[in-house]
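Colleague: The structure follows.
The values are calculated or read from the model by the stated rules, or taken from the named source; none is laboratory data. If you're wondering where the values come from, they're calculated on a predicted model, not measured in any experiment. Note that each Cβ is placed from the backbone with ideal geometry, even for glycine, and that neighbours are counted across all protein chains shown. To get the accessible areas, we keep the full protein, side chains included, count just its heavy atoms, and leave off ligands, DNA and RNA. Shrake-Rupley method; radii C 1.70, N 1.55, O 1.52, S 1.80 Å.
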Amino acid sequence: MSAVGTLGDHPRNGRQPLSVWELPKLLRSVHRHRKSSTRKCRERPHYRAILAFVHRNRFAVASQIQRRFSKFLKSDRTARRHLAEMESLGYLAVVDTNNTSPLWPKVYFVTSRGVSRLKKALDDQGQKWTETAHDRRRYDGHSAQHVLHELFITEFLLQTWKAAESRVDLEILTTQRRSLARHDSFKVTVAGRRTRLQPDGMFLYRQVGRGMMCCFVELDLGTMSPRQIEGKFRRYQAWAESSAGTEYLKSLYARHGAAKPTAAFRILMVVGSRNERCEVQRLTRIMELAAEFPPIIRHRSWLTTVSRCESTAESSQLLTEPIWFRSQEGEKSSGCEKLICGRYD
C-alpha cells in the first residue's frame, strides 16, 4: 500500500492526510504496460503497412490492427506477437494513458524511429514525405478521454473500410486524418477572424452507378458545449462558401477520375455520452443546432450515435444500415437513412 493517505484521514491512524493539492497524483494510471522485448526480431514485409496505418490514425489497439490486416495477422495471438516485435524494433511504443485500469489495452503509436522507417520506404519508392516528422511527446501521459476520442475515430474509419470491403459496388478511395490539420485549404475566416477548420477525419468513397462522396468525420463524446458545436458548424459553413474549400473538393474529385467534379460533401457527426438515453438527448440537441444553419450545412449534416455504430460493428454495415439522422428546417429529423442511399448533393 502507498504511504500516501486519503483525503480526510486522521493523523492518529499513522498516515498523513492527502491534501487537495495532491489529488492529481490519483489521476495517473494504476497500471503501466512493460515494453515488449523479444530476442528474435526481423522486419516483415507488412510492417510498413502497419506503421502507415497506425501513424495515419495516431493511436490504434491490437484488435483494430488485426482486423485491418487480417490477411497477414490471422489471429489475435499473431497480431500481438508481431506488434511485440515492432515494439522491440523501436517502431511502435505504448501510449501512457492517465487514470486507467489494468484491463486497459495497449494503445500503440509510431515512434520517431518508425516515422524514419516510413520516410525511407517512401524515398525508395520515389515519393515525398509530406506528413509531420513526429508527434509532440507528452511525458506526463495523455488523458483517457483524449485517447478514447482518437481510438473511436480510428474505429469509425476502420468500420467504413470494412463496410466497403464487404460490397462489390463500394470503394474507399482515400482516408485522411493528419494531412487535414495543416492543409492550407482549411484556413477560414469567421466573423472577420482568421481560424482553421480541423475535421477529425475524412474519407472519400465511390459507389458504382452513383458517383463519389467526400465525408468529413466529427466525433463528440459529450465534451463539447453547444457553443463549441455551433462554432464548428460555422467554420464548416465558412469553409464551404470559400473558394479554397470549393477548389479543394473539386480537385479531390478530379484526382480520382470525376468527369464533372463538384463541391459536394457531407459532415458525419458521431455522438457519444454516458448511456444510450443521454446519447439520444445530445443527438437531438445537435440536430436542432444544425437545423438553424443554411442548407449548405443543414442538408449536409448526418448524425448518429456511438451505440448505433457499435451495433453495426460485427455486420460491417455502417454505410448501409439506416442509422443516420438528418436535420431539416423546422424539424428535428426526417427519420433514419442509409448513408449510401441519400442524394449525392
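Colleague: Which of the peptides 119-125, 289-295, 195-201 is most tightly packed, and how do the rest follow, judged by the mean count of other Cβ atoms within 10 Å per residue?
Modeller: 195-201, 289-295, 119-125
Colleague: Local charge sum around residue 236 (other residues, Cβ-Cβ under 13 Å, Lys/Arg +1, Asp/Glu -1)?
Modeller: The answer is +3.
Colleague: Under the definition of Cα pairs under 8 Å and six or more residues apart, what whole-number percent is the relative contact order of the range 175-275?
Modeller: 30
Colleague: For a quick protection proxy, order the peptides 248-254, 154-160 by their average other-Cβ count within 10 Å, most packed first.
Modeller: Answer by packing, highest mean first, reads 154-160, 248-254.
Colleague: Also, I was wondering about something else. Report the residues of the range 297-313 in range of a label on residue 281: point 7 Å along Cα→C-beta, backbone N strictly under 17 Å from it.
Modeller: 305-307
Colleague: Taking 32 Å as the cut-off for C-alpha to C-alpha distance, list the pairs among 120/162; 120/232; 119/260; 74/120; 128/250; 119/250 that go past it.
Modeller: Beyond 32 Å: 120/232; 119/260.
Colleague: I've got another one for you. When ranked by the protection proxy of mean other Cβ atoms within 10 Å per residue, highest first, what sequence do the peptides 59-72, 224-237 form?
Modeller: Answer by packing, highest mean first, reads 59-72, 224-237.
Colleague: Also: When the label point is put 7 Å from the Cα of residue 183 along its Cα-to-beta-carbon vector, which residues of the range 199-218 have a backbone N closer than 15 Å?
Modeller: 199-205, 213-218
Colleague: When the distances between all Cα atoms of the range 160-246 are binned every 10 Å from zero, what whole-number percent does each bin get?
Modeller: It works out to 16, 40, 31, 13, 1, in whole percents.
Colleague: In the range 96-122, which residues have a backbone nitrogen under 17 Å from the label point lying 7 Å from residue 41's Cα in the Cα-to-Cβ direction?
Modeller: 107-118
Colleague: Probe radius 1.4 Å, ligands and nucleic acids left out: which of 46, 299 has the largest accessible area, and how do the rest follow?
Modeller: Final ranking, largest accessible area leading: 299, 46.
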